[in-house]
Amino acid sequence: MDILSILGVLIGFAAIIGGNMLGGGELGALVNYHAFIIVVGGTLGATLLQFPPKVFMRSLRILSWIFVPQNLQLKKQIDKIVRWSSLARKEGLLGLESIIETEKDSFAKKGLQLLVDGNEPEVIRDCLEVELTTKEHLDTQAARVFEAMGGYAPTIGIIGAVIGLIHVMQNLAKPELLGSGIATAFVATIYGVGLANLLFIPIANKLKSLIFEASQAREMVIEGISSIAEGENPRNIELKLSGFLLEK
């Protein structure tokens, strides 16, 4: 569980709501269903228009990474690769066949299969890098969904504000209706700017960071398996892969 993500959401919204109340405002003043429907519905509609279904659905799947990031465990992965290297030096590459059956990571499993099949290091690296690049591209496209929502929300908020002002102008002769129109105008702007800067843009940027970390972990697997194919010493492989550790 990523505590910072949870704290970020809570602190961000608490600061807005708390600041409003400390200034003498009421919580109900920030609640406006008309404005909410305009901003959220308009933002969602524009986003659905921009992205194909596959990308949008993928964005929903990776959204959970914000609060529950992928458990990369780079140090344990390095230890596994070093053990694979030691086993390959003792029993040959065919000795890794039993490892393939128990390996849970599909990316590492594919690399081990290429290794056991006797492919050259360059072939192994090329095959794995194609998959790495494709997955990174798909995940980055999914992260851009939230980036796009962060761009649309403030603009839709302005549209909501204009709609509210139009209602005000249409009801100048009815003072009892002016308040709701003005409230919709200002609250729609708050919703648009608030959702963009407190949720959508931070989510997009954090997902990009997590995608980069996942790509680095796969790069490490590529480097490790290619090194095994080249017959490098397990100790040298360990020293090389230690450069991928994020915590030094």
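Listed values, structure above:
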quantity	calculated
Dipole magnitude (debye, nearest 20) for the chain, charges at Cβ of Lys, Arg, Asp, Glu	500
5 Å-binned pair-distance histogram of the range 2-72 (Cα, whole percent)	3, 12, 12, 15, 18, 19, 12, 6, 2, 0
Per residue value of the accessible surface for the chain (all protein chains in place, 1.4 Å probe), Å²	56
Ellipsoid equivalent to the range 1-131 - semi-axes via the Cα gyration tensor, in Å	51, 21, 9
Fluctuation leader among LYS109, LYS80, LYS90 - the chain, Gaussian network, Cα springs under 10 angstrom	LYS90
Per-q log10 I(q)/I(0), the range 51-112, q = 0.15, 0.19 Å⁻¹ (Debye; single scatterer per alpha-carbon; no solvent)	-0.64, -0.79
Normalised contact order of the range 121-248, rounded percent, pairs of Cα under 8 Å and 6 or more residues apart	35
Using a Förster distance of 35 Å, the FRET efficiency for ILE100-ASN20 (Cβ separation, nearest 0.05)	0.05
Within straight-line cross-link reach of LYS208, aspartates and glutamates at Cα separation under 14 Å, skipping those fewer than 8 residues along the same chain	GLU136, ASP139, GLU147
Computed [θ] at 222 nm, helices only, for the chain once each DSSP H run of length n ≥ 4 contributes -39500 (n - 2.57)	-26500 deg cm²/dmol
Calculated log₁₀ intensity ratio I(q)/I(0) where the Debye formula runs over C-alpha points of the range 117-245, q = 0.12, 0.15, 0.16, 0.20 Å⁻¹	-0.65, -0.80, -0.85, -1.03
10 Å-binned pair-distance histogram of the range 181-248 (Cα, whole percent)	17, 27, 17, 14, 12, 8, 4, 0
Candidate values [x] 0.95; [y] 0.98; [z] 1.20, label of the one derived for Rg/Rh (Cα atoms, Kirkwood Rh)	[z]
FRET E, pair VAL162, ASP126, Förster distance 35 Å, beta-carbon r, rounded to 0.05	0.05
Sequence-separation-based contact order of the chain, relative, with Cα cut under 8 Å and 6+ spacing, percent	31
Top of ILE166, ILE38, ILE124 by mean-square fluctuation, Gaussian network on the chain, Cα under 10 Å	ILE166
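The values are calculated or read from the model by the stated rules, or taken from the named source; none is laboratory data. The structure displayed is predicted, hence computed values, not measured ones. Cβ: placed from backbone, ideal geometry, glycine included. Neighbour counts: every protein chain shown. To get the accessible areas, we keep the full protein, side chains included, count just its heavy atoms, and leave off ligands, DNA and RNA. Shrake-Rupley method; radii C 1.70, N 1.55, O 1.52, S 1.80 Å.
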